[in-house]
Amino acid sequence: PSSSQGNNNPIIDYLDFEDGYEKAVAAVFSDELIASINEEQASHWRVLTYDQSSVFSDGIKKFSNLIKAPENLKKKLDFVGLIENKSNIMQLQEGLLPGQILVSLEGEIWRWDGYVSKGKQNSSTKAVLEQLKNRRIKQLSIEEKQWQDIFDKAKKTLDELKERENNSINALANLRSVPQN
């Protein structure tokens, strides 16, 4: 059964990562991010158990350490490495294991099988990028609302404490005046 909003649970709704990785994520996945985590859907991400591990050379950060995502993406994320220093990219690409992909923050891709993309965005990458940005904005406004709620609660508590303090001061003043009466 699909979810109540009828959005087929696209996996893009379950990703979480820091600002700045959008282009790299969109380049690696493109419209595969619209595929569902629900295995009933026509296109979906299955959860795989796998034991071969993907190792990258130093200075390459695994996507699985940078991106929080459902179990369904674990294998893919394990085989994607973010690269910042591209000076010896040709040798690095030659040394990739089957399935491994290197990606830059600008969305350039070097794949284990020799495929290279200079980060030019096609329409599906652009659409995914747009969705990632919108999700980020939505997340930030949710966070902002949560902080605002916390602030409002704290202010209310503070006001209540102030009132109790005033009541206590008045009560104390009344008690102090008792002996004179």
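Miscellaneous remarks
The rows are residues; the columns are (1) within 24 Å of the chain's Cα centre (by Cα); (2) touching a residue at least 24 places away in the same chain (Cβ under 8 Å); (3) surrounded by 10 or more Cβ atoms within 10 Å (Cβ to Cβ); (4) part of a helix (DSSP H, G or I).
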{"position": "LEU96", "(1), (2), (3), (4)": "no, no, yes, no"}
{"position": "GLY107", "(1), (2), (3), (4)": "yes, yes, yes, no"}
{"position": "GLY114", "(1), (2), (3), (4)": "no, no, no, no"}
{"position": "LYS120", "(1), (2), (3), (4)": "yes, no, no, no"}
{"position": "GLU130", "(1), (2), (3), (4)": "yes, no, yes, yes"}
{"position": "GLU143", "(1), (2), (3), (4)": "yes, no, yes, yes"}
{"position": "GLU160", "(1), (2), (3), (4)": "no, no, yes, yes"}
{"position": "SER168", "(1), (2), (3), (4)": "no, no, yes, yes"}
{"position": "ALA171", "(1), (2), (3), (4)": "no, no, yes, yes"}
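- Per the listing ASP78, ASP51, the residue uniquely more than 19 Å from ASN9 (Cβ to Cβ) and buried (at least 18 other Cβ atoms within 10 Å of the Cβ) is ASP78.
- For the stretch 81-102, the set of residues classified as touching a strand residue (DSSP E or B) at 6+ places or on another chain (Cβ under 6 Å) and within 24 Å of ASP51 (Cβ to Cβ) consists of GLY81, LEU82, ILE101, LEU102, listed by residue number.
- Only one of the listed residues (GLY114, GLY119, GLY95) is of a type in the set (Gly, Ala, Ser) and either touching a Gly at 6+ places or on another chain (Cβ under 6 Å) or within 18 Å of LEU33 (Cβ to Cβ) (or both). That residue is GLY119.
- So ASN38, is it touching a Ser or Thr at 6+ places or on another chain (Cβ under 8 Å), more than 20 Å from LEU129 (Cβ to Cβ) and in contact (Cβ under 8 Å) with a residue 12 or more places away in the chain: yes
- Of everything in the stretch 23-48 that is open to solvent by 40 Å² or more (accessible area, probe 1.4 Å) and among the β-branched types (Val, Ile, Thr), the residue that is farthest from ASP13 (Cα to Cα) is VAL47.
- All positions within the stretch 82-94 that are exposed (fewer than 15 other Cβ atoms within 10 Å of the Cβ) and either among the small types (Gly, Ala, Ser) or touching a residue at least 24 places away in the same chain (Cβ under 8 Å) (or both): GLU84, ASN85, SER87
The values are calculated or read from the model by the stated rules, or taken from the named source; none is laboratory data. Since the model is a prediction, treat every value here as computed from it, not as a measurement. Glycine also receives a Cβ, built like all others from the backbone with ideal geometry; neighbour counts cover every protein chain displayed. Accessible surface areas use protein heavy atoms only, side chains included; no ligands, DNA or RNA. Shrake-Rupley method; radii C 1.70, N 1.55, O 1.52, S 1.80 Å.
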